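What follows is a set of notes on a single structure, which appears directly below.
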Amino acid sequence: MAEIFKNIPEIKYEGPQSKNPFAFKYYDPDRIVMGKKMSEQLPFAMAWWHNLGANGVDMFGRGTIDKSFGASAEGTIEHAKAKVDAGIEFMKKLGIKYYCWHDVDLVPEDEDINVTNERLDIISDYILEKTAGTDIKCLWGTANMFSHPRFMNGAGSTNDVNVYCFAAAQVKKAIDITVKLGGKGYVFWGGREGYETLLNTRVKFEQENIANLMRMARDYGRSIGFKGTFLIEPKPKEPMKHQYDFDAATAIGFLKEYGLDKDFKMNIEANHATLAGHTFQHELRISRINDMLGSIDANQGDMMLGWDTDCFPSNVYDTTLAMYEIVKNGGLPVGINFDSKNRRPSNTYEDMFHAFILGMDSFAFGLLKAAEIIEDGRLEGFVDKKYSSFESELGQKIRRGETTLAELAEKASEMKNVATPVSGAQEYLEGVLNNILLN
Ligand code: XUL
Ligand code: CO
C-alpha cells in the first residue's frame, strides 16, 4: 500500500521546548499520570466523517482539500477503501488507537438499503483485515439518520411509519458493524429528533417513539453480544430549531423516564454544551454526578459564532476543567473522539496533522493540570470548608433526610436571625486555577 501522507513522519513526544511542528509538546503516551499511562487516560479517537470525509465544502463554496486519497472516483468502494488506508496510516502516525464513524461515512449510500448493507459488510471486512496486528480499534459507531431527505421530519421522531422502519434498519446494521469491529460504544445523536414548529408536532408521541427505537436497539445489541455502552449525545439545536436531547440533564431525565438509564450514558460534546448555554465542564459535571458520563466528543465552539463550528480544542482552560471531571469520574468508559474539523482554509495534509497535534496536546496539558489541581488541594479544600457547616449534628440530620419543616422552623425561631454564609471567594479560586495553569 502506497504511503498517502508522504513527508509526514511519525509524531513523537519532544516536550514543551520543542519547536518541531510535527512533535507533541505535552502528549507523552507512556508518561504515568495519577498511576496510569497518559495513553490510557486519554483514549483518543479519529472521527471518520471530519478527517477522512469533510473536504472543506460549506454553504458558500466548494471543497478546498482533496480527500480522494488516490482513488480514481469518489463515492465508490475503491474510494471507501482508500479512506480506510488513509485513516490507518494517519492513526498510526499519531499513535491514535480508536476511530468513530457513521454508516454513510464508511461507504456511499445506495438507493437500495440492501446494497448499502452489502457495502458495509465489504468495508468492515477490509477494516478488520487492515487493522489486524495493530492496536487500532473502533471506539463507537452510529447511523446517520439526519442527512437523507427521508429523515426530514426526524428518524425516531418521524411522522412516517415506513421511515421509522428505515431508521430501525439502519440502527440494526450499524450495531452489527459496531459489534463486528469490536466497538466500545454505540451513539445516538438526535440530529433531526426535534421540531421546527409546535403547530405541526406531537411532542409526547415523538418522544415515545424515540424511546422505543432506543429500547429496540438496546435489546438487539444485547441479543447479539454487545457489552459496550449505548450513548446519547445531547445537542439543543442545529439542524432543528429545538432538539429533544437538549442537554445532559434533559437527556438523563428522558432515559430515566423510559427505563433506559442502565444501558445508556452521555456522550458530551463541548460545542453542543456551549450551544445549550452551558460550559463543557457543566455538562460533564451533570453527567458525572448522575453516573452517566460515558464518552466525549472533543472540540470547541467559537464564542463569536452561534453555531456548531467543531474547531479543534485549543483552550487549555477548558480542557483542564474537562479533564478534572474525567479524572474525578475515574476515566471514561468509552473515550475521547475528536469530533473536530480543520478550518476551510487549512487545506493541506500537514494541517490535518497539526489539528490533531493541537487537540491531543491540549488534552494532555489538561490532564497534567487536572492532576496538579487535585494534588495541590487548594480548590477542593476550599469547597470542603465551604460546606463544612453541614458536618454538624443538625447538618447530618438534614443530609439524611430526617428533618421536618416544622423542626427547622423551630430552630430558626430560636436563633432569631442568621449571619451571611462564608464567602464564595470566586476571584481567589480563579487566581489559584491560573496559578496552577501558568506555573
Ligand atoms: C453533530 C455531531 C455528530 C455526532 C454523531 O453535531 O456531533 O457528528 O457526533 O452523529
Ligand atoms: Co459529535
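The values are calculated or read from the model by the stated rules, or taken from the named source; none is laboratory data. Since the structure is predicted, the reported quantities are computational estimates derived from the model, not experimental observations. Don't worry about glycine lacking a Cβ; one is built from the backbone with ideal geometry, like all the others, and counts go over all protein chains shown. Areas reflect the complete protein model, heavy atoms only, side chains present, ligands, DNA and RNA absent. Shrake-Rupley method; radii C 1.70, N 1.55, O 1.52, S 1.80 Å.
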| field | Of the criteria (1) under 17 Å from the mean Cα position of the chain (by Cα); (2) outside any loop (DSSP other than H, G, I, E, B), which one L199 fails | value | (1)
| What pairs come up if the first residue lies in segment 394-407 and is in contact (Cβ under 8 Å) with a residue 12 or more places away in the chain, the second is not hydroxyl-bearing (S, T, Y), and their beta carbons are under 8 Å apart, counting only those six or more places apart or on different chains? | L394/K411
| query | Of all the helices (runs of 4 or more DSSP H) wholly in segment 243-307, which have at least 3 residues that are free of Cβ contacts under 8 Å to residues at least 24 places away in the same chain? | reply | 248-257
| For the subset of segment 168-225 comprising residues that are under 25 Å from I336 (Cα atoms) and loosely packed, with under 15 Cβ neighbours inside 10 Å, which member is farthest from ligand 1 (Cβ to nearest atom)? | G225
| field | Test: residue in segment 247-268 that is within 13 Å of ligand 2 (Cβ to nearest atom), more than 23 Å from G330 (Cβ to Cβ) and surrounded by fewer than 24 Cβ atoms within 10 Å (Cβ to Cβ) | value | no
| request: Counting only residues that are under 30 Å from I232 (Cβ atoms) and more than 16 Å from ligand 2 (Cβ to nearest atom), give me the helices (runs of 4 or more DSSP H) lying completely in segment 321-414 with at least 1 of them. | output: 349-376, 378-386
| message | Scan segment 60-80 and tell me whether some residue there is within 23 Å of N267 (Cβ to Cβ) and part of a loop (DSSP other than H, G, I, E, B). | response | no
| Can R31 be described as more than 16 Å from ligand 2 (Cβ to nearest atom), within 26 Å of the chain's Cα centre (by Cα) and surrounded by fewer than 19 Cβ atoms within 10 Å (Cβ to Cβ)? | yes
| said: Looking only at segment 226-239, filter to residues that are in a loop (DSSP other than H, G, I, E, B) and open to solvent by less than 60 Å² (accessible area, probe 1.4 Å); which one of those is farthest from ligand 2 (Cβ to nearest atom)? | reply: F226
| said: Kindly evaluate F338 against the criterion of being within 15 Å of ligand 1 (Cβ to nearest atom), closer than 29 Å to L438 by Cα, of a type in the set (F, W, Y) and buried (at least 20 other Cβ atoms within 10 Å of the Cβ). | reply: yes
| task | Return the pairs, sorted by first residue and then second, in which the second residue is open to solvent by 40 Å² or more (accessible area, probe 1.4 Å), the first residue lies in segment 368-387 and is under 22 Å from K25 (Cβ atoms), the beta carbons are less than 7 Å apart, and the residues are 6+ apart or on different chains. | result | L368/Y26; A371/M34
| task | Kindly indicate which of G141, G156, G87 is in contact with a Ser or Thr (Cβ under 6 Å, 6 or more places away or on another chain) and surrounded by 21 or more Cβ atoms within 10 Å (Cβ to Cβ). | result | G141
| said: Pairs needed: first member in segment 108-127, without any contact (Cβ under 8 Å) to a residue 24 or more places away in the chain; second member anywhere, in a helix (DSSP H, G or I) and not small (G, A, S); C-beta distance under 6 Å; at least 6 residues apart or different chains. | reply: D110/T116
| task | Determine the pairs where a residue that is farther than 16 Å from I122 by Cα, located within segment 171-198, has a partner that is within 16 Å of ligand 2 (Cβ to nearest atom) and open to solvent by 50 Å² or more (accessible area, probe 1.4 Å) with Cβ atoms under 8 Å apart, the partner being 6 or more residues away or on another chain. | result | G191/P239; R192/P239; G194/K237
